[in-house]
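Notes follow the structure.
No lab work stands behind these numbers, since they all come straight from the coordinates. Here the structure is a predicted model, which means the values were calculated and not measured.
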Amino acid sequence: MDLSSNLPLFYMIIALLSPFGIPLGATFVIIAAGSLSGTIGDYFFIISLIFSGLIIGDIAAYFTASHFEKIITKKLHNYEKIERKYKNGKDLFDKYGVWGIFLSRFVLLGFGAPLNYVSGFSKYSFRKFFAYSASGEFLYVSIYAYIGFVFKDSWVSLYDLIVEFPYLILLIFLAVFVYYQLKRYL
């Protein structure tokens, strides 16, 4: 990969914007970046660049949501039912948010951006948010860029498999949930 090209800037922009929930195909870009890395030095440069962009984006999304928290909660006070659900959700997030933040970065792809906002809205501890977000993002970038780096010729097929994996897990959880609900009622 020629590092003098505009690709590193492209990677950084994608990494900065994806934590806001803008559907730019960040996983696809990370795998492609890994496959385009010619040397191990390029690979580590790309990982560092994308990781930095993702962390800056996560922090920016967190503080954006934190800034608008008062406006949102003020509007929620107008709707009692929604306010109760918000409080229950906030309690649940306070209890299990650490795992949600961590796993949404590299396993449950697509949930990272909403959890950035929920973390900011709920004034979740920034230190915890940062620690678990950064560790999850590091695994995300390392794993998916490595997949691209190792499987340079067939990474597109692997990408299709990776994209479908969270849906498969979700379907399994849904099937188990439905099974237990049916068992309980029957």
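Listed by chain and number, the lysines placed with their C-alpha closer than 24 angstrom to that of K87 are K70, K74, K75, K95, K123, K128; residues fewer than eight positions away on the same chain are left out. Size descriptors for the chain (Cα atoms only): Rg and Dmax, in that order, 18.8, 65 Å.
Shown in residue order for region 168-174 are the 3J(HN,Hα) couplings computed by the Karplus curve 6.51 cos²θ - 1.76 cosθ + 1.60 at θ = phi - 60°: 5, 4, 4, 5, 5, 4, 5 Hz (x for Gly and Pro).
Using every pair of separate Cα atoms, the Kirkwood estimate puts the hydrodynamic radius of region 1-80 at 14.2 angstrom. For helix 80-106, what angle does its Cα long axis make with the longest principal axis of the chain, in degrees from 0 to 90 and rounded to 10? Long axis of 80-106 versus the principal axis of the chain: about 30 degrees. Where does helix 7-17 land angle-wise versus the long Cα axis of the chain, in degrees 0 to 90, nearest 10? Value to nearest ten degrees: 0. Compared with the dominant principal axis of the Cα atoms in the chain, helix 26-36 is inclined by about 20°.
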